[in-house]
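Accompanying notes for the structure given below.
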């Protein structure tokens, strides 16, 4: 599962949400798809900011889960599902 989280994070670095579009974290597949669909709207600076925010949120979820990888993804999901690019950035500022 940690590999899945890392893969999701890696995709986040390249494929990130922006504008009014929202992250759909109901499943890993829908998360990846929703991120992919909205990634093209970000410039490189926005991508870097989003990646940093997602990294902070993801590590926080993993710490909250006390190493339980399935629980970590559930926590991450609950934090980011339905969030826009701007909301993700605001969560870590």
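Here is a list: 30, 26. Which entry is exposed (fewer than 15 other Cβ atoms within 10 Å of the Cβ), under 20 Å from residue 65 (Cα atoms) and at pLDDT 75 or above?
26
What are the residues in the stretch 57-72 that are outside any loop (DSSP other than H, G, I, E, B) and in contact with a helix residue (DSSP H, G or I) (Cβ under 6 Å, 6 or more places away or on another chain), if any?
Selection gives 57, 58, 61, 62, 64, 69, 72.
The values are calculated or read from the model by the stated rules, or taken from the named source; none is laboratory data. Note that the structure is a prediction, hence the values are computed from the model and not measured. As a convention, Cβ positions derive from the backbone with ideal geometry for all residues, glycine included, and neighbour counts pool all protein chains shown.
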